[in-house]
1. Which of the residues spanning region 31-51 are surrounded by 12 or more Cβ atoms within 10 Å (Cβ to Cβ) and either part of a helix (DSSP H, G or I) or touching a Leu at 6+ places or on another chain (Cβ under 6 Å) (or both)?
2. Among the aromatic types (Phe, Trp, Tyr) and under 30 Å from Trp55 (Cβ atoms): does that describe Trp40?
3. From the residues in region 52-69 that are exposed (fewer than 14 other Cβ atoms within 10 Å of the Cβ) and of a type in the set (Phe, Trp, Tyr), which one is modelled with the lowest pLDDT?
4. Here is a check on your reading of the model: is Ile17 outside any loop (DSSP other than H, G, I, E, B), surrounded by 10 or more Cβ atoms within 10 Å (Cβ to Cβ), of a type outside the set (S, T, N, Q) and modelled with pLDDT of 90 or more?
5. Residue check: is Thr27 polar (S, T, N, Q), exposed (fewer than 12 other Cβ atoms within 10 Å of the Cβ) and at negative phi?
Amino acid sequence: MSKKIEILVYILIWIGIVAFTIYSVFTGVERHERMECERWIEMSKHLPDWYWTEWQIEQCKHYGYQIPENQQIRRAN
């Protein structure tokens with residue numbers, strides 16, 4: 001194999017590795033945030049002192065989750 005083709009193969013392999021890593025990070029973060037919303041919604045049903053922060057509400061609405069009605073919301077001062 002010529003030296004130019006060998007270098008091109010290494011470059012393509014590294015581009016593939018970088019692309020896969022970036023994809024994995026972004027999908028992993030999204031999956032984690034969805035899991036957090038599901039956990040918070042479940043906790044809000046069982047804990048009487050549960051409250052939502054504004055950022056939690058925004059995160060969950062971003063992924064299409066409905067926040068249970070009549071839930072206490074704590075706003076930043």
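The values are calculated or read from the model by the stated rules, or taken from the named source; none is laboratory data. Computed from a predicted structure; not experimentally measured. In this analysis, Cβ positions are derived from the backbone assuming ideal geometry, glycine residues included, and neighbour counts consider all displayed protein chains.
1. Hits for region 31-51 are Glu33, Arg34, Glu36, Cys37, Glu38, Trp40, Ile41, Ser44.
2. yes
3. Initial filter on region 52-69 (exposed (fewer than 14 other Cβ atoms within 10 Å of the Cβ)): 53-55, 58, 61-64, 66, 68-69.
Keeping just the survivors that are of a type in the set (Phe, Trp, Tyr) gives 55, 63.
Details: Trp55: 92, Tyr63: 95.
Among those residues, the one meeting the criterion is Trp55.
4. Numbers: outside any loop (DSSP other than H, G, I, E, B): yes; surrounded by 10 or more Cβ atoms within 10 Å (Cβ to Cβ): yes; of a type outside the set (S, T, N, Q): yes; modelled with pLDDT of 90 or more: yes.
In short, yes.
5. Details: polar (S, T, N, Q): yes; exposed (fewer than 12 other Cβ atoms within 10 Å of the Cβ): yes; at negative phi: yes.
Yes.
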